[in-house]
1. Once R0 is set to 25 Å, what does the formula 1/(1 + (r/R0)^6) return for the Cβ-Cβ distance between A:GLN135 and A:SER108, expressed as a FRET efficiency to the nearest 0.05?
2. Hey, got the dipole for segment A:760-877? About the Cα centre, +1 on K and R Cβ, -1 on D and E Cβ, debye to the nearest 20?
3. Please give the FRET efficiency for A:GLU252 paired with A:ILE488, using the beta carbon to beta carbon distance and R0 = 56 Å, rounded to the nearest 0.05.
4. What three numbers, in Å, describe the spread of the alpha carbons of chain A along their principal axes, ordered from the longest?
5. Based on the Cβ-Cβ distance of A:ARG189 and A:GLN708, what FRET efficiency does E = 1/(1 + (r/R0)^6) give at R0 = 56 Å, to the nearest 0.05?
6. Grab the Cα-Cα distance for A:VAL729 and A:GLU657, subtract it from 0.36 nm times how many residues apart they are, and report the gain in nm with one decimal.
7. Just add up the charged neighbours of A:VAL753: K/R +1, D/E -1, any other residue whose Cβ is under 14 Å from the Cβ of A:VAL753.
8. Leaving out ligands, DNA and RNA, what percent of the accessible area of chain A is carbon and sulfur, probe 1.4 Å?
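The values are calculated or read from the model by the stated rules, or taken from the named source; none is laboratory data. Values in this document were obtained by computation on a predicted structure and should not be read as measured data. Glycine gets a Cβ as well: all are built from the backbone with ideal geometry, and neighbour counts include every protein chain shown. Just the protein is used for accessible areas: all its heavy atoms, side chains included, with ligands, DNA and RNA removed. Shrake-Rupley method; radii C 1.70, N 1.55, O 1.52, S 1.80 Å.
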Amino acid sequence: MTNAPEPQPRASLPSQYAPAEVESARYERWVADGRFRAETDSDKPAYCIVIPPPNVTGNLHVGHAFEHTLIDTVIRRKRMQGFEALWQPGMDHAGIATQNVVERKLASEGVSRHDLGREAFVEKVWQWKEESGGQILDQMKRLGDSVDWDRERFTMDEGLSRAVRTIFKRLYDDELIYRAERIINWCPRCQTAISDIEVDHSDDDGELVSIRYGDGENAIVVATTRAETMLGDTAVAVHPGDERYRHLVGTEIELPLTGRRIPIVADEHVDPEFGTGAVKVTPAHDPNDFEIGRRHGLPSITVMDERAVITAHGPFLGLDRFEARPAIVAALREQGRIVAEKRPYVHAVGHCSRCKTTIEPRLSKQWFVKVAPLAKEAGDAVRDGRVKVSPPEMEKRYFAWVDNLHDWCISRQLWWGHRIPIWHGPNGEQVCLAEGEEPPAGYVQDPDVLDTWFSSALWPFSTMGWPDETPDLAKFYPNAILLTGYDILFFWVARMMMFGLYAFKDAEPAKAIPFGEIVLHGMVRDQFGKKMSKSFGNTIDPIEWMDRYGADSLRFTLALGANPGVDVPIGEDWVQASRNFCNKLWNATRFALISGATTEGELPAAEGLSTPDRWILSRLNHTIAAVDEFYADYEFAKLSDTLRHFAWDDVCDWYLELIKPVLAEGGVAAERTRRVLGEVLETLLRLLHPLIPFVTEELWLALTRGDQLGESVMTAPWPAPREAYLDDVAEARVTAIQRVVGEIRRFRSDQGVKPSQRVSTRLTGLDSAGIGGDEALIRALARLGEPGDDFAETASLAIDGDVTVAFDTRGTIDVAAERARLAKDRTAAEKELEQCRRKLGNEGFLGKAPENVVAGIREREAAAAAAIERITAALAALPEG
RNA sequence: GCGCGCGUAGCUCAGUGGGAGAGCAUCCGCCUUACAAGCGGAGGGUCGCAGGUUCGAAACCUGCCGCGCGCACCA
């Protein structure tokens, strides 16, 4: 296939896991073996997720790492479950960002894009993309993303571009795309229009200046934060019900500095409570003013160019908007027209989300999508359950957006992107051409390109060959889920919904949605729950952490924090803990291998197995069932924690310790246990594989000898719970053993007995506690010695009324420590008793609480009373001082 | 301004009507031959505040305080 290096099979494992030694070779092997490939003609049911396309200029940040971990986990499990699982990779062309990158590069060579011309510039961008773009793709490999690389797509590919042109034409013909002169968000630095959601608002320090317009009785005072726009004022507006100004409505006043005369109009939009209740109206530079202007037939006077430099004739001509502002205020002050000034005046200011430049509302001719009918469909698809939102609380946000959409400005004054398929005729005609059609002579194509999200919105099906009816679409569409951040809900999820529903509106219902479920995750935050930001200096580099701790550690940490729809904090301590967990697994497997664990042959029936074997198999099967349930709700944190708990606490801390004596004993019992041990570990590795693919593959191959057979845990079946191995009796028994061992360990620790010291003891009452046959196990785990002929009891420990442990501590009993321990236990028991008695003395409780609850409290009361009696006796039996 | 969410151990978070939990951090003791990236043990919380519903509230309701987020407006 390829010449990917062959990872070396391991005869034995070193005592520490070294991720760096296995990860990259393992990934290349997976790719070489075609493990990630999805076959269109497969008989298996399809399960497809398209990658939320990353930006071609981007690098893998921890947010990607988080999202990809979750998607990869889902995809790997589905693959193991027997689905033809496709994770579709690719990138979007990021119009503004990419053009910026290439323009900056050119600028450093002293060249502008205009020097090159459109065609040559676009050629340069493609060249840049080939040489430097898409670094994120290699970084995804570090993470272990099991995407089908043979299907990589880019929004500017010919096929995807055809999808863009096709849907544009359809929308245009359906009159859902139109061109209009409107106030749009203009970035004077990027020199393009941007959509509402590409504007970030922040509360900034500004100024509020009150200016007197007109003179004498007709004077009226307006307040503004943008004095420079007054050059373009074409009216002053007041509220129609405002008595103060009623007599002025319909009159004209002189606009200072310009000599122009402007009318005073009455408009409902004006808030009479704010400021003086009078507003200057600049229709060409403010969206609200534009609306007022429309209602009153006012002219729009543009006073700035596309770089936000003043174009109005006069002394301010050529000044930047921020230079013009103080200059104009100064000029007005000179005329005595400034009646009040407030600085700083904090108000919301929009910034370009790409370059942070202050947005300039600008009157210009742009292309828009008429979203109302599309958004209605997008809302309805969720409302009527065709598309599910997970977690469901997020629906509200979705509806709030989709039900209140403004039309979407889709034209961008850029060169990099999909050029709008409209040709303009010499007399203002416009025609939208279908594929293969030639424009009439003399027509020129619209110079603008489309918003990048216009093409991203098609991603769920353009990647599969739409508008052709391809086998891929037949097999994999609609996508099973779209998994992405809640912050992206509006950026492309809603748009994918709108376009997906529109493009497939005539398809059969099962095909008419882009995905069955929208799964939303939170944002990655730092270890204190703070938002990560470069200025705050709390960002982390996922690559660096993978270098240090391995990809699995990063993945597991992120998965452990992934509560649905909730932000996930991450810190280095936690990645370290995950690294430790991987190492724990490593060593558990190492122990298994040393102990001769096997995965070959039938698993013995439960009846023939020891208590620990039956217990761990029961726990394993409960764990499988729990994990499956958590997956159904995308509860990654809970399923990860469940698996960690099972692996570390049940398997490593208890099971392995419980079977050591059995293995040492040898014989048939040991043989059965070796088989169970192999089964438990092998299943655990399969369960963990979607979360931590690298270490599990390494260990699974070592454990199953699968490396010699060309196998992979990736294609091993996902575990199914086996009810025959659920065993309440064994679980109760081990719980009792754990209780006894725990109490003995506490006694030892309180007494300062060294872990290495075998304390001579005599155990009684194990039979009545139901663990009569388990004395040897208890002795091993609690490190107890057999009582000799000279056994002399120096201390006694009563556990839960049944079991008594008599210790011969050879006179070294620490009476004070023991008294303190017993006193503490008695206090706890007394508190418990008091609580129980209070409830049982309450007639309301006895009368209304369910029987089983009352019975439970009675049991607890009895247990507490017995404990107090026992402890009191033990205290009395202690020697003095 | 409208809406949503959150407030539980030092930190980060689970826990949605019946004995306050986890991981990390802290303290004590251990190299007990899978693992010191480990093992055993321990300490630590009036569950934001105040009312209410209930036999019973961390959980349900109301109000308040604090924090975060989204949307709109901000002349």
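1. 0.80
2. Numbers: 16 positive and 21 negative charges, 127 e Å.
Dipole about the Cα centre, nearest 20: 620 debye.
3. Here the calculated transfer efficiency is 0.65.
4. Taking the Cα atoms of chain A, the three principal extents are 118, 69, 55 Å.
5. 0.40
6. Contour length minus Cα-Cα distance gives 23.9 nm.
7. Counting the neighbours of A:VAL753, the net charge comes to +3.
8. 49 percent
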